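Read-outs: derived from the displayed coordinates by stated rules, not from any lab. Keep in mind the model is a prediction, meaning the values are calculated, not measured. All Cβ positions, even for glycine, are placed from backbone atoms using ideal geometry, and neighbour counts span all protein chains on display.
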Amino acid sequence: MAGIVHFEIPADDQERANSFYQGAFGWMLNPMQGMDYTLAITTPSDEKTGMPSAPGAINGALFPRTEDLKTPIITVDVESIDSALAEIERLGGSVVKPKDAIPGMGFYAYFKDTEGNVLGLWENLPAGGPAE
């Protein structure tokens, strides 16, 4: 069963949004080097893996709003993004952004479900393997 592992919040003004979420909830916000993407640490995390230490907890991110990505997004962990996107399309969904790599971490994609909602997919890097 694929689980929810991440959330993303789009922003028109990322600095304003970062200040809001940090002030409102005490989230630790860490801009990713070389990307217009800010990690949002919302719960205590394992120092080695960066994964939340509390069962069921997730961390997320803030990013610039785009035409295709304009509402909050939940991200589902899958074994294979390619297989998941094929099944999504077979069931009447569509690809919003095809599979892309985050070097050293894994792969992501965005899709639209049959109700018009945009969600994300995440595939971890294979153990010991580089991102494509």
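Remarks
- DSSP-loop GluC sites (Glu not before Pro) across segment 74-104, with at most 15 other Cβ within 10 angstrom: Glu79
- Fully extended contour minus Cα-Cα distance, from Asn30 to Glu47, at 0.36 nm per residue: 4.7 nm
- Gyration tensor (alpha-carbon) shape descriptor, the chain, a/c threshold 1.5: oblate
- Rounded to whole Hz, the Karplus (6.51, -1.76, 1.60) HN-Hα couplings of segment 114-120, x for glycine and proline: 5, 9, x, 7, 9, 10, x
- Rounded if a/c under 1.5, otherwise prolate or oblate - segment 8-64, Cα gyration tensor axes: prolate
- Paramagnetic reach from Asp100 in segment 36-79 [backbone N under 20 Å; point 7 Å along Cα→Cβ]: 36-40, 60-78
- Projected label distance in nm at Met1 and Leu91, using a 7 Å step from Cα toward the beta-carbon: 1.4
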